[in-house]
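Student: Let me begin by handing over the structure; questions about it come next.
The values are calculated or read from the model by the stated rules, or taken from the named source; none is laboratory data. This one's a predicted model, so the numbers in the text were calculated from it and none came from an experiment. Methodologically, a virtual Cβ is constructed for each residue, glycine included, from the backbone with ideal geometry; neighbour enumeration extends over all protein chains shown. Accessible surface areas use protein heavy atoms only, side chains included; no ligands, DNA or RNA. Shrake-Rupley method; radii C 1.70, N 1.55, O 1.52, S 1.80 Å.
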Amino acid sequence: MPAEWWARTDLHRDDAGRLIFAGIDVERLARSHDGPLFVYGAGRVQANLSRLRGALQASGCAHRIYYAMKCNRFPPLLKMLAEDGAIGLDICSPDELDLALACGFRAGDISFTGTSVADRDLDRLLAHPDLHINCDSLGQIRRIGERRPGRAIGIRVNPGLGTGYGDSERLTYAGARTTKFGIYREQWAEALDLAARHDLRITAIHFHVGCGYLSGQLDAWDEAVAAAATFLADLPHVTTVNVGGGLGLPHRPGDAPLDLARWSSIIARHFSGRGLTVAVEPGDYLVKDAGLLLLSVVGVERKRDTLFVAVDGGFNLHPEPAYYDLPCEPVACVLREDDPAHWHPVSVAGNINEALDLWAEDHPMPPLAEGDHIALINAGGYGSAMSSNHCMRGAFTELLV
Ligand SMILES: Cc1ncc(COP(=O)(O)O)c(C=O)c1O
């Protein structure tokens with residue numbers, strides 16, 4: 001059997017070369033559903049969660065995890081996390097708030113950090129006195145102050161430093177390029193003044209400086225954390241430091257898992273012994289590698305120098321690879337040929353009339369035929385949640401197993 005870099009205990013091939021996920025034969029599962037199927041493994045989410053909890057424990061800081069529901073809002077998944085009892089939710093819109101409440105979270109377990117927030121959004125959020133709100137603009141501070149003087153708020157700061165998967169600029173939310181996120185140091189005096197003018201108590205600072213960072217980006221993350229920590233000096237009422245999400249996972253062969261021990265030691269160095277609770281709001285880290293998108297092969301055809309494998313689902317079902325160059329590697333659900341020397345480089349093409357609708361190019365795969373199935377790995381985060389109905393091909397099924 002070829003060594004496939006993504007293989008792990010709950011995602012592997014059996015002796016017959018069949019892909020097994022969460023103890024389930026993936027090809028058989030795909031055949032039992034018509035059309036694109038997202039399948040999420042509850043066990044993998046729990047494993048990711050307990051690894052992260054262990055790292056936070058090791059930091060010695062009081063801590064709380066707020067799952068970023070923008071990453072995957074499938075209600076059975078949210079309900080499973082609500083049942084855990086100790087996990088909070090990071091939300092970014094009033095509709096996310098309604099869904100979170102409907103899935104069993106209490107307002108006091110929810111932290112809002114949103115951008116370009118309208119008055120009608122604020123009115124819905126402020127109806128929940130226990131909801132924590134991080135402001136990411138001066139206008140948000142002022143408008144909350146006008147509506148609810150004396151309220152507790154958090155402030156999302158932009159430390160002007162950040163990082164992301166592969167040092168990607170697109171995945172860096174705070175850095176040399178000015179972004180829309182958070183309050184910059186240059187605006188800080190005005191932010192404090194606005195809060196004071198409306199008696200707003202600043203109980204938290206928040207920063208989220210990029211997405212998908214791995215061990216190679218931890219030096220840059222460390223510097224961003226140090227820069228963000230300097231804002232604390234002006235905040236006598238602060239109880240919580242929210243270090244955002246962005247913890248990455250392997251997407252390509254050669255990517256190593258994030259060194260969580262080092263990540264946790266950075267947190268400890270900056271925040272332990274200061275009486276603060278460290279909040280973390282991961283999305284991808286908890287759910288992305290816990291999901292597969294299963295598609296069926298509808299054609300295999302050579303065009304000029306390229307062998308195309310056509311599948312029944314396009315980039316609209318999981319736009320992240322196209323938007324952010326974070327690939328979802330296609331994997332054959334059944335190996336017809338287990339010697340990689342006999343695999344062929346293929347382009348895996350979706351069913352959307354857009355030239356960019358390719359899941360992979362020049363990607364070695366075993367022989368495939370019409371009616372076979374492929375699994376796109378790392379499909380558990382920012383897939384279904386970001387999907388669209390482009391070309392009216394937005395239909396899919398989701399399953400938590
Ligand atoms: C404010 C905030 N927190 C958390 C997240 C979750 O990020 P990730 O899924 O990379 O952990 C995001 C994602 O964009 C975000 O904007």
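Student: If I filter the range 154-169 for residues that are under 30 Å from Pro250 (Cα atoms), assigned to a loop (DSSP other than H, G, I, E, B) and open to solvent by less than 10 Å² (accessible area, probe 1.4 Å), do I get at least one hit? Steps first, please.
Tutor: Restricting attention to the range 154-169, the residues satisfying the condition of being under 30 Å from Pro250 (Cα atoms) are 156-169.
Still in the running and assigned to a loop (DSSP other than H, G, I, E, B): 159-164, 168-169.
Those still in the list that are open to solvent by less than 10 Å² (accessible area, probe 1.4 Å) too: 163-164.
Yes: the range 154-169 contains one or more residues that are under 30 Å from Pro250 (Cα atoms), assigned to a loop (DSSP other than H, G, I, E, B) and open to solvent by less than 10 Å² (accessible area, probe 1.4 Å).
Student: Right, here's the next one. Out of (1) on the phi > 0 side of the Ramachandran plot; (2) within 16 Å of the ligand (Cβ to nearest atom); (3) open to solvent by 40 Å² or more (accessible area, probe 1.4 Å), what's the single condition that is false for Pro257?
Tutor: (1)
Student: Inspect all residues belonging to the range 287-298 and state whether any of them is surrounded by 19 or more Cβ atoms within 10 Å (Cβ to Cβ), within 14 Å of the ligand (Cβ to nearest atom) and part of a loop (DSSP other than H, G, I, E, B).
Tutor: Of the range 287-298, the ones surrounded by 19 or more Cβ atoms within 10 Å (Cβ to Cβ) are 287-297.
If we keep only those that are within 14 Å of the ligand (Cβ to nearest atom) as well, we get 287-291.
From what's left, part of a loop (DSSP other than H, G, I, E, B): none.
No, the conditions are met nowhere in the range 287-298.
Student: Which one of the conditions (1) within 16 Å of the ligand (Cβ to nearest atom); (2) surrounded by fewer than 24 Cβ atoms within 10 Å (Cβ to Cβ); (3) without any contact (Cβ under 8 Å) to a residue 24 or more places away in the chain does Gln140 fail to meet, given that it meets all the rest?
Tutor: (2)
Student: Hey, any hits in the range 347-365 for a residue that's touching a residue at least 60 places away in the same chain (Cβ under 8 Å) and either acidic (Asp, Glu) or open to solvent by less than 50 Å² (accessible area, probe 1.4 Å) (or both)?
Tutor: Step one: of the range 347-365, the residues touching a residue at least 60 places away in the same chain (Cβ under 8 Å) are none.
So far as the range 347-365 goes, no, none of its residues is touching a residue at least 60 places away in the same chain (Cβ under 8 Å) and either acidic (Asp, Glu) or open to solvent by less than 50 Å² (accessible area, probe 1.4 Å) (or both).
Student: Taking the range 60-95 on its own, how many of its residues are open to solvent by less than 20 Å² (accessible area, probe 1.4 Å), outside any strand (DSSP E or B) and either within 14 Å of the ligand (Cβ to nearest atom) or hydrophobic (A, V, I, L, M, F, W, C) (or both)? Lay out the reasoning, then the answer.
Tutor: Within the range 60-95, the subset open to solvent by less than 20 Å² (accessible area, probe 1.4 Å) is 61, 65, 67-69, 71-72, 77-78, 81, 87-91, 94.
Subsequent filtering for residues that are outside any strand (DSSP E or B) retains 61, 69, 71-72, 77-78, 81, 87, 94.
Okay, now just the ones that are also either within 14 Å of the ligand (Cβ to nearest atom) or hydrophobic (A, V, I, L, M, F, W, C) (or both), so 61, 69, 71-72, 77-78, 81, 87.
Result for the range 60-95: 8.
Student: Among the residues of the range 216-234 satisfying the criterion of being aliphatic (A, V, I, L, M) and open to solvent by 10 Å² or more (accessible area, probe 1.4 Å), which is nearest to Ile153 (Cα to Cα)? Spell out how you get there, then give the answer.
Tutor: So the first thing to find is which residues in the range 216-234 are aliphatic (A, V, I, L, M), and the list is 218, 220, 224-229, 232-233.
If we keep only those that are open to solvent by 10 Å² or more (accessible area, probe 1.4 Å) too, we end up with 220, 226-227, 229, 232-233.
Details: Ala220: 28, Ala226: 22, Ala227: 21, Ala229: 17, Leu232: 14, Ala233: 17 Å.
Applying the filter and picking the extreme gives Leu232.
Student: Any residue at all in the range 178-189 that's buried (at least 22 other Cβ atoms within 10 Å of the Cβ), over 27 Å from the mean Cα position of the chain (by Cα) and in a helix (DSSP H, G or I)?
Tutor: no
Student: For residues that are open to solvent by less than 60 Å² (accessible area, probe 1.4 Å) and more than 16 Å from the ligand (Cβ to nearest atom), scanning just the range 190-215, find the one that is farthest from Ala228 (Cα to Cα).
Tutor: Of all residues in the range 190-215, those open to solvent by less than 60 Å² (accessible area, probe 1.4 Å) come to 191-192, 194-195, 198, 200, 202-215.
So of that shortlist, the ones also more than 16 Å from the ligand (Cβ to nearest atom) come out as 191-192, 194-195, 198, 200, 202-203.
Working: Ala191: 15, Leu192: 15, Leu194: 20, Ala195: 19, His198: 24, Leu200: 20, Ile202: 15, Thr203: 15 Å.
This residue is His198.
Student: Still on this structure, please answer the following. Return yes or no: is Ser272 assigned by TED's automatic domain parsing to the domain that holds Ala16 and surrounded by fewer than 24 Cβ atoms within 10 Å (Cβ to Cβ)? Let's see the steps before the verdict.
Tutor: Working: assigned by TED's automatic domain parsing to the domain that holds Ala16: no; surrounded by fewer than 24 Cβ atoms within 10 Å (Cβ to Cβ): yes.
Against the criterion (assigned by TED's automatic domain parsing to the domain that holds Ala16 and surrounded by fewer than 24 Cβ atoms within 10 Å (Cβ to Cβ)), Ser272 does not qualify.
Student: What pairs come out if I take residues in the range 390-401 that are in the same structural domain as Ser296 (by TED's automatic domain parsing) and assigned to a helix (DSSP H, G or I) and pair them with residues that are surrounded by fewer than 18 Cβ atoms within 10 Å (Cβ to Cβ) and not basic (Lys, Arg) whose C-beta lies under 8 Å away, six or more apart or interchain?
Tutor: Close Cβ pairs satisfying both conditions: His390/Glu354; Cys391/Asn353.
Student: Next question, about the same structure. Checking the structure you have, find out if any residue of the range 32-43 is open to solvent by 60 Å² or more (accessible area, probe 1.4 Å), outside the structural domain of Met80 (by TED's automatic domain parsing) and under 17 Å from Arg336 (Cα atoms). Before you say what the answer is, go through the steps one by one.
Tutor: Going through the range 32-43, the residues open to solvent by 60 Å² or more (accessible area, probe 1.4 Å) turn out to be 32, 34.
From the residues that got through so far, the ones that are outside the structural domain of Met80 (by TED's automatic domain parsing) too are 32, 34.
Of the ones still in play, those that are also under 17 Å from Arg336 (Cα atoms) are none.
Taking every residue of the range 32-43 in turn, none turns out to be open to solvent by 60 Å² or more (accessible area, probe 1.4 Å), outside the structural domain of Met80 (by TED's automatic domain parsing) and under 17 Å from Arg336 (Cα atoms).
Student: Related question: I'm checking my understanding of the structure. Among residues of the range 236-248 that are open to solvent by less than 10 Å² (accessible area, probe 1.4 Å) and of a type in the set (A, V, I, L, M), which one is farthest from the ligand (Cβ to nearest atom)?
Tutor: Val241
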